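See structure below.
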Amino acid sequence: MTERWSEQTRTLLDACAHISNHLRFTKNQHAADESYITGAVSSIALLDDGFDDRKGH
């Protein structure tokens, strides 16, 4: 019984580690996506400002 309990505990710990790793990866990926999107939107805003300047001249 003790051996079976230890085996199940190891399995549970492995599953928790897998979930933790996946969550960490997902968090990092979302941060990278957010950074990319922020840069893209900033670039679009900069282009829009340039077109606005041309309209005024």
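The numbers here are math on the coordinates, done by the rules we state, and not lab data. The shown structure was predicted, so the numbers you read here are calculated from the model rather than taken from an experiment. Glycine also receives a Cβ, built like all others from the backbone with ideal geometry; neighbour counts cover every protein chain displayed.
Structure data summary
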| read-out | value |
| --- | --- |
| Of every Cα-Cα pair in the chain, the percent that sits beyond 13 Å | 74 percent |
| Counted charge near Thr26, where neighbours are those whose Cβ lies closer than 14 Å (Asp, Glu -1; Lys, Arg +1) | 0 |
